[in-house]
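The values are calculated or read from the model by the stated rules, or taken from the named source; none is laboratory data. Here the structure is a predicted model, which means the values were calculated and not measured. Methodologically, a virtual Cβ is constructed for each residue, glycine included, from the backbone with ideal geometry; neighbour enumeration extends over all protein chains shown. Ligands, DNA and RNA are stripped out before the accessible areas are found, and what is left, the full protein with its side chains, is counted by its heavy atoms. Shrake-Rupley method; radii C 1.70, N 1.55, O 1.52, S 1.80 Å.
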Amino acid sequence: VERAVRQAVFRQGALILADGEKHPVAVKDISATGARIEYFVRRELPDFVTLVEPTLRIKSRARVAWQRDGVAGLAFVRD
């Protein structure tokens with residue numbers, strides 16, 4: 001499977017969980033299909049989150065594809 005072209009960025013964003021809880025994250029790279037983020041609270045992320053980053057105009061529901069040591073890969077969910 002060919003990977004989407006990634007753009008390296010360093011932007012402040014937030015993850016919003018299903019219960020409305022909001023966590024600051026750093027968006028490290030972004031593509032049409034997903035993003036890699038770093039987060040600062042050491043915890044397991046749920047299966048689905050919403051990624052928000054205003055300067056890139058992102059507010060997208062995403063599936064957590066993988067996570068380890070405060071870094072996670074998100075796959076955007078297309079409705």
For this session: With only Lys, Arg, Asp and Glu charged, each at its Cβ (+1 for the first two, -1 for the last two), find how big the charge dipole of the chain is about the Cα centre; round to the nearest 20 debye.
Result: 200
For this session: Extending each Cα 7 Å along its Cβ direction at GLN12 and ARG57, get the distance between those two points in nm, one decimal.
Result: 2.3
For this session: Could you quote the convex hull projected area for the chain, Cα atoms only and averaged over all directions, in nm²?
Result: 5.3
Problem set entry | Area accessible to solvent at VAL71, 1.4 Å probe radius, in Å² | 30
Exercise. Out of ASP47, ASP29, ASP19, any idea which swings most in a Gaussian network model of the chain, alpha carbons joined below 10 Å?
Worked result: ASP19
Exercise. DSSP loop chymotrypsin sites (Phe, Trp or Tyr not before Pro) in the stretch 1-53 with at most 10 other Cβ atoms within 10 Å of their Cβ, which ones?
Worked result: PHE40
For this session: Hey, can you find the accessible area per residue of the chain for me, probe 1.4 Å, expressed in square angstrom?
Result: 66
Seminar exercise, completed: Out of GLY13, THR55, VAL77 - ranked by how far each Cα lies towards the positive end of the dipole of the chain, with unit charges on the beta-carbon of charged residues - the top one is THR55
Exercise. How about the chain: which GluC sites (Glu not before Pro) there are in a DSSP loop, with at most 13 other Cβ atoms within 10 Å of their Cβ?
Worked result: GLU2, GLU21, GLU44
